[in-house]
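Below: the structure, in structure tokens.
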Amino acid sequence: MSEPLLRVRDLRTVFPTRRGPLAAADGVDFDIAEGEALGVVGESGSGKSVTFLSVLGLVRPPGKVERGEILFEGRDLRHLSPQELRALRGRMVALAMQDALSALNPALTIGTQITETLCAHAIPGDPRDEAVRLLTRVGIPDAARRLGDYPHQFSGGMRQRAMIAISLSARPRLLVADEPTTALDVTIRAQVLDLLDELRAEQGLAVAMITHDLAVVAERCPRVMVMYAGQVVETGPTAAVIARPRHPYTRGLMDSLPRLEDPDRPLHAIPGQVPDLATVDEGCRFRNRCALAVAACAQPVALMPAGDARLSRCIRAAEVSP
Amino acid sequence: MSLSRVLERLVQLPIVLLGVSVIVFGMMALTPGDPVEIMLADQRATEEQAASLRRDLGLDRPVIERFAIFLGNAATGDFGLSFFHRRPVFEVIAERLPATIELTLVALLVAVVVAVPLGVAAAVKRDSWLDRALSAISLFGVSLPGFWFGILLILLFAVHLGWFPVGGRIPFGAEVPRLTGFLLIDTLAAGRPDAFLRALSHLALPAITLGLPTAALLARVIRSAMAEVLATDYVLFAEAKGLSRRRVLFLHALKNALIPAVTVLAIETGSLLGGNMIVETVFGWPGLGRLVVESIFARNYPLVQAAVLLYAVTYVLLNFCADLLYAALNPKVRL
Amino acid sequence: MSATTAEPPPLSPTALALRRLAGNRTAVAASVVVLAFVLLAILAPWIAPHDPSDADLFRRLCAPAWAAENTEPGYWLGCDALGRDILSRLIFGARVSLSVAALVVCIAAVIGTLAGLAAGYLRGWTDTIVSRLVDTLLGFPYLVFAIGLMAMMGPGLHNIVLALVLKEWVFTCRVVRGETLAAREQDYVEAARALGCTPRHIMLREILPNVLSPVLVVATFRMAYVIIMEASLSFLGLGVQPPTPSWGSMVADGRDFLVDAWWVSTLPGLCILALVLSINLASQGMRDAFDPRLHQSS
């Protein structure tokens, strides 16, 4: 396999709290290749968003990236100057957010918010024409006339599509999509996801799809990465991970979902609570909720190969699925 | 605030204005003793003269009728005669008004120029020394008696350092023909840059006395509004688009943070009207505020009454403008 | 029963608030300063080294004790233009400032609380009248209102209190009305109403105890403002009349001698600043201590 577009190694992002430093992402490793779609799943607070904000260099102070490598096309983003990083944001790595209503500036028109991105990255062509083209592409009718509208004048679905158009406006290589379709209804969701698929095929756009929605991952992302309490616990081809989880947390996640083919299967919520990240120890972070936990789980666990091109952070990976 | 709130304020406006007029009219009733006797105190007036004055002032009529007359006159700018000046009150006030407006506007300018960068910087560098210093200074600003602050400035910058004049508006010999009454404009219109500079140096200390405490308050408002805005998703999104820091701060963030700040500023402008009386007295500034204070001691009641009404109406209208401005700045409220 | 040591009894919200207040060092220090001023004011006749009205032109504008020349033994902070001892006048001046402030704030708190309770609980025309009155009074810049009234009524201690109370009650009223509107929907008020309690009983026995802590916070906060207002009126000559010493009029007295005797104007102003700043710091501490929402978020 050639050099991936993005390679993250041993990323650790901490937020100081009164109870000591809190590592919201701790020892995160993953790769994304050109044109690839990686699903990133895990519950809120598992470190999904923080990991990708770290990649963009947008962790809000006093939080900061403490350790690790973030290699984009071989360049370590942690060593870029603020100017270089700014030139890269939006142009190379773009962000699409969950809630367009809060992501779009209420005091600026949609047109301004698209064209400023185009201008910031000196995208050739008339910014206005380009903006109309982008909005039309995401399915906003009569785009030319709507450039002067404010975000609140758009309907929820249009707003979300407009935001995605803004994210894609500087033709980035990697799109970090943080729950981009949660708020949309089914048809529009399919439309947006189709658009991303097209761009992947046409331009080699890589997508990191951060989501709660395993259905979207199963359908659109060939590879998945499962996060728990600031760590990657399992990665691998989506089909394999869903069929035979190699980490007890992934297993728990699957068991807590209803299945179309077996609607009568009982649903199991994972017992217990996510550990307090400010006080976790070196050992496996899932062991307090894990049915397979043994004494050795208190030792540090690394992300290890677990067959089928997969990695798992569990010493009993082989025993997780039948 | 929604459109219906703006409409509600619009309906309330005349009610509040009427209430304000009632109170100003009622203040006259608090005057101890017979107003006519007080007005004629120094002149040996006969009983007939007093009766005729009473008739002229309409004091022999019922209260409601007197109030109606007062309201009608006030609406047409007729506040009667200023005893002291022996000219219509309206004329005397109009003559002094430009000096007060000029001082207020420059004080506002001082406040905004100082407060915006400070408030933004403190919000960007939260919990830094600058942020802490600003909150300490803000507390100082609201605890500082304005008249004493003015005197300290005079003591330091006028008496000791001699950088600025002690008081007044323009020195002898630098007067220019009155055009607008605003000296900063009139001096330039007369082609006298020297007089302009001297007018400016007279304006400096009073404007600072009036403007700095306002700046302290305003900076605090901008700081908290800005800190709130900087934590929003849309600022994060703007940064993720790769925009320059300056554009993110001064367009995306400040445009939203200014919405509450403008409201506070409009209300503070009203408070400056009261502060004017103090500052004009301290610096011997020939504006409306000093005229009112002088008139109080000269027992020139019609003028005091007219000025208080003028201040209150201006204040009510400014507050109303603050609401309108809020609506205008906030695209979520469409008019 | 276990043999472990007894848990301390749970503290009441007020006790918790006071404990939080005691932990705020700035607020405690500020409260000590305020208390010192209060003691100074109460004990003025015994503490002041001289009669504050004792004029002697031989001591005219004599300098404070630390100055190089023109000092007068026993007159530590110098004398004013009439040769009166500034230190004694400052001590007596604290009486005027604090008594006006305390009177105004207390009377305004009582009126504002009653009006706010009535407007918020009874609603209807009571609310309409009170709210319109509040709106109208808010239509005046504070100082303009006070100056206008003082101009008509004439100067004097009683008139100052009257003029300031007439405006000041509005601030308490607004807060209490809001709190009462919220309390009206609470279960304990509903229950009292169901039991057939009279509106008077519900307002004074049920709701009043629950609005007292915001009233207290507003009152301390307003106190600082009232002190500045009294000083401003006295500075303009509309306040307390001579020879009673007031800090505001003392600043005004010194204005003509800024070049020769800076201390006459600056020292009383310093007292105003120190007292007002301390009250503001203490009330900020009180607000933080009494507002549990603020406490949780910090």
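The values are calculated or read from the model by the stated rules, or taken from the named source; none is laboratory data. The structure presented is a predicted model; accordingly, all values stated were derived computationally and were not measured. Here Cβ is always computed from backbone atoms with ideal geometry, including for glycine, and neighbour counts include all displayed protein chains.
Side notes on the structure shown:
Results for (1) of a type in the set (Val, Ile, Thr); (2) away from chain B (no Cβ under 14 Å); (3) under 30 Å from A:ILE270 (Cα atoms), shown as yes or no for each residue.
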{"position": "A:GLU34", "(1), (2), (3)": "no, yes, no"}
{"position": "A:GLU84", "(1), (2), (3)": "no, no, no"}
{"position": "A:ASP99", "(1), (2), (3)": "no, no, yes"}
{"position": "A:LEU108", "(1), (2), (3)": "no, no, no"}
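- When restricted to residues that are buried (at least 19 other Cβ atoms within 10 Å of the Cβ) and within 29 Å of the chain's Cα centre (by Cα), the range C:176-200 contains 5.
- Failed condition for C:TYR75, given (1) of a type in the set (Phe, Trp, Tyr); (2) touching a Lys or Arg at 6+ places or on another chain (Cβ under 7 Å); (3) at pLDDT 90 or above: (3)
- One residue alone among A:LEU6, A:LEU53, A:LEU22, A:LEU58 is within 16 Å of the chain's Cα centre (by Cα), more than 14 Å from chain B (Cβ to nearest Cβ) and not β-branched (Val, Ile, Thr), and that residue is A:LEU6.
- Residue pairs whose Cβ atoms lie under 6 Å apart, sitting 6 or more positions apart in sequence or on different chains, and linking a residue in the range B:176-199 that is surrounded by 15 or more Cβ atoms within 10 Å (Cβ to Cβ) to a partner that is at pLDDT 80 or above and among the aromatic types (Phe, Trp, Tyr), are B:THR187/B:PHE196; B:LEU188/B:PHE196.
- Yes/no for C:GLY148 being within 23 Å of C:SER232 (Cα to Cα), without any contact (Cβ under 8 Å) to a residue 12 or more places away in the chain, within 14 Å of chain B (Cβ to nearest Cβ) and over 22 Å from the mean Cα position of the chain (by Cα): no
- Taken together, the residues in the range C:193-227 that are among the aliphatic types (A, V, I, L, M), in contact with a helix residue (DSSP H, G or I) (Cβ under 7 Å, 6 or more places away or on another chain) and farther than 20 Å from C:TRP169 by Cα amount to 1.
- Residue match in the range B:315-332 (condition: over 27 Å from A:ASP149 (Cβ atoms) and of a type in the set (Val, Ile, Thr)): yes
- Qualifying residue in the range B:202-215 (condition: on the phi > 0 side of the Ramachandran plot and not hydroxyl-bearing (Ser, Thr, Tyr)): no
- Taken together, B:VAL293, B:VAL316, B:VAL308, B:VAL262 contain a single residue that is out of contact with any Gly (no Cβ under 9 Å at 6 or more places or on another chain) and assigned to a helix (DSSP H, G or I), which is B:VAL262.
- A single entry from A:SER44, A:SER54 fulfils the requirement of being modelled with pLDDT under 90 and of a type in the set (S, T, N, Q): A:SER44.
- Only one of the numbered conditions (1) closer than 22 Å to C:ARG255 by Cβ; (2) away from chain C (no Cβ under 13 Å) is violated by B:LEU152, and that is (2).
- Of the strands (runs of 3 or more DSSP E) contained entirely in the range A:204-248, those carrying at least 3 residues that are of a type in the set (Val, Ile, Thr) fall at A:206-211, A:231-237.
- Scanning the range C:105-145 for residues that are more than 8 Å from chain B (Cβ to nearest Cβ) and small (Gly, Ala, Ser) yields C:ALA108, C:ALA109, C:GLY112, C:ALA115, C:GLY116, C:ALA118, C:ALA119, C:GLY120, C:GLY124, C:SER131.
- Every residue from the range B:305-335 that is within 8 Å of chain C (Cβ to nearest Cβ) and either more than 21 Å from C:LEU138 (Cβ to Cβ) or basic (Lys, Arg) (or both): none
- Selection count where residues are over 18 Å from the mean Cα position of the chain (by Cα), away from every other protein chain (no Cβ under 14 Å) and touching a residue at least 24 places away in the same chain (Cβ under 8 Å), scope the range A:162-200: 3
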